[in-house]
Amino acid sequence: MKLMTLNTHSLVEENYEKKLDTFVKGVISEKPDVIALQEVNQSVDADLVKSKPEGYFKAEKTIKLKSDNHILTVYNKLRNAGFMYHFTITPPKRSYGKFEESVGIMSFSPILEVSVKTISKVDDYENWKTRKIVGIRTKEYPQCW
């Protein structure tokens with residue numbers, strides 16, 4: 001299994017679009033089975049995604065996927081390049097005052113199950129110290145988390 005991980009800083013990153021395109025080209029070149037992403041941001045005020053993307057596995061009912069979500073943008077760029085990945089994110093916390101921040105996983109194999117755990121003492125959307133992790137089981141590796 002080929003794994004890739006990145007702390008994206010996504011929407012707050014300087015030269016975001018250029019770095020996003022470089023990352024997507026790296027994914028296409030390396031073809032990892034699983035991609036783990038930190039600081040998967042979306043704007044607090046962005047529009048909600050109206051229809052569930054084909055590869056999206058909703059980890060919890062409360063998650064609201066928004067139009068500028070970083071992992072959704074990566075997913076769409078990969079789809080447009082002919083690569084079908086599946087993805088999930090943790091429930092967000094507020095970040096930088098104007099973003100919601102999650103961690104996410106993308107998988108080349110369809111996602112069968114998702115588990116989200118809070119690993120901080122605090123579990124509060126408004127508290128930047130909130131930390132969550134996400135695990136997946138996939139069709140190709142159903143015994144592995």
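Among the residues of the range 47-59, which ones are open to solvent by less than 30 Å² (accessible area, probe 1.4 Å), under 23 Å from residue 130 (Cα atoms) and without any contact (Cβ under 8 Å) to a residue 60 or more places away in the chain?
Selection gives nothing.
Would the range 55-67 turn up any residue that is of a type in the set (Phe, Trp, Tyr), under 26 Å from residue 17 (Cα atoms) and in contact with a Gly (Cβ under 7 Å, 6 or more places away or on another chain)? Even if it seems obvious, please write down each step before you answer.
Step one: list which residues in the range 55-67 are of a type in the set (Phe, Trp, Tyr), which gives 56-57.
Of the ones still in play, those that are also under 26 Å from residue 17 (Cα atoms) are 56-57.
Filter once more, keeping what is in contact with a Gly (Cβ under 7 Å, 6 or more places away or on another chain): none.
No: the range 55-67 contains no residue that is of a type in the set (Phe, Trp, Tyr), under 26 Å from residue 17 (Cα atoms) and in contact with a Gly (Cβ under 7 Å, 6 or more places away or on another chain).
Identify, from the list 130, 62, the residue that is modelled with pLDDT under 95, open to solvent by 60 Å² or more (accessible area, probe 1.4 Å) and of a type in the set (S, T, N, Q).
When all the criteria are applied, what remains is 62.
Any residue in the range 126-145 that is in a loop (DSSP other than H, G, I, E, B) sitting within a Cβ distance under 7 Å of a residue that is open to solvent by 70 Å² or more (accessible area, probe 1.4 Å)? List the pairs, counting only those 6 or more apart or interchain.
130/123; 131/119; 139/112; 141/1; 142/112
Residues in the range 2-29 that are surrounded by 12 or more Cβ atoms within 10 Å (Cβ to Cβ), over 22 Å from residue 67 (Cβ atoms) and out of contact with any strand residue (DSSP E or B) (no Cβ under 6 Å at 6 or more places or on another chain): how many?
Of the residues in the range 2-29, 3 are surrounded by 12 or more Cβ atoms within 10 Å (Cβ to Cβ), over 22 Å from residue 67 (Cβ atoms) and out of contact with any strand residue (DSSP E or B) (no Cβ under 6 Å at 6 or more places or on another chain).
Test residue 76 against the stated conditions and say whether it is surrounded by fewer than 20 Cβ atoms within 10 Å (Cβ to Cβ) and either within 13 Å of the chain's Cα centre (by Cα) or free of Cβ contacts under 8 Å to residues at least 40 places away in the same chain (or both).
Taking the combined requirement at face value, the residue satisfies it.
Having 1 or more residues that are under 22 Å from residue 139 (Cβ atoms) and β-branched (Val, Ile, Thr) is the bar; report the strands (runs of 3 or more DSSP E) wholly within the range 1-117 that clear it.
Because the criterion is at least 1 residues that are under 22 Å from residue 139 (Cβ atoms) and β-branched (Val, Ile, Thr), the strands (runs of 3 or more DSSP E) in the range 1-117 that meet it are 3-7, 34-43, 86-89, 99-107.
The values are calculated or read from the model by the stated rules, or taken from the named source; none is laboratory data. Everything quoted here is computed from the prediction, not taken from an experiment. No Cβ is skipped: glycine too gets one built from the backbone with ideal geometry, and neighbour counts run over all protein chains shown. Surface areas here come from the heavy atoms of the whole protein model, side chains and all, with no ligands, DNA or RNA. Shrake-Rupley method; radii C 1.70, N 1.55, O 1.52, S 1.80 Å.
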